[in-house]
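Read the figures in this text as sums done on the coordinates, not as results from a lab. Everything quoted here is computed from the prediction, not taken from an experiment. Cβ atoms come from the backbone with ideal geometry, glycine included; neighbour counts cover every protein chain shown.
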């Protein structure tokens with residue numbers, strides 16, 4: 001009899017989709033690539049920084065070892081928005097006069113990438129900016145039967161529980177749509193795996209429905225309104241730059257960088 005845990009891993013499918021760290025751990029089991037999506041803001045920050053040739057080290061949020069971790073890697077430690085200097089604001093990374101190595105902790109996307117790196121051989125940071133570029137890279141570089149786990153980071157309720165965030169589902173769907181356009185995700189008779197899981201197909205449908213008014217969707221969703229209200233409308237604008245990013249961001253030797 002199939003256990004509930006096995007069912008939740010979406011094992012029959014080559015392209016899977018889930019939410020948060022627990023969901024990521026479930027669907028990334030046996031995957032060759034985990035794709036972390038945190039549109040507002042971590043993976044958009046990564047896309048902006050890697051486009052500039054920088055390296056971004058993910059790290060746990062509010063961890064006491066962050067300063068030592070940054071010093072060990074010869075990197076600058078970014079802070080939360082509003083603290084001055086480099087932060088989780090994509091604008092701060094775009095406007096910095098010089099950008100090299102950056103440690104960028106965050107409660108969602110960064111922490112998820114850091115944790116999954118222990119178990120998954122390859123991790124990509126995907127936003128709306130680099131969804132198409134990353135999908136094209138997957139189609140060109142990974143075997144056709146490679147399992148790809150797509151993880152929407154989501155946000156947090158005040159109590160700490162996961163709050164699914166539509167902007168991350170849209171971003172994940174953009175990447176999955178890119179895989180479909182590149183001819184990936186079809187049935188692979190070699191190993192018996194089907195293509196997109198229903199969860200992955202649903203994320204793609206959300207993106208397809210949102211694309212005609214993508215900027216409005218990001219501005220009007222809960223997370224976008226929160227950022228705009230806090231004085232960061234430019235960060236939402238940068239996050240809505242569909243396919244403007246040219247660099248694929250892969251986690252190698254602890255840092256997201258170009259392949």
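For the range 193-259, what does the relative contact order come out to in percent, with C-alpha contacts under 8 Å and a separation of six or more?
Relative contact order for the range 193-259 comes out at 17 percent.
Once you sort the root eigenvalues of the Cα gyration tensor of the range 197-259 as a ≥ b ≥ c, which label holds: rounded (a/c under 1.5), prolate (a/b larger than b/c) or oblate (the other case)? Oblate is the answer for the range 197-259, as a/c is 1.5 or above yet b/c matches or exceeds a/b.
Given contacts defined as C-alpha pairs under 8 Å and at least six residues apart, what's the relative contact order of the chain, whole-number percent?
Numbers: 550 pairs, mean separation 79.1, N = 259.
RCO, the chain: 31 percent.
Between the range 39-83 and the range 149-170, the C-alpha centres lie 20 angstrom from each other. Could you tell me how many degrees, from 0 to 90 and to the nearest 10, lie between the Cα long axis of helix 131-141 and the main elongation axis, the longest principal axis, of the Cα atoms of the chain? On a 0 to 90 degree scale, this one is about 50. Here Rg/Rh (Cα atoms, Kirkwood Rh) was calculated from the structure, and among [x] 1.06; [y] 1.00; [z] 0.95 it sits at label [z].
By count of other Cβ within 10 Å, fewest leading, how are 50, 150 ordered?
Working: 50 26, 150 33.
Listed from fewest to most nearby Cβ atoms, that is 50, 150.
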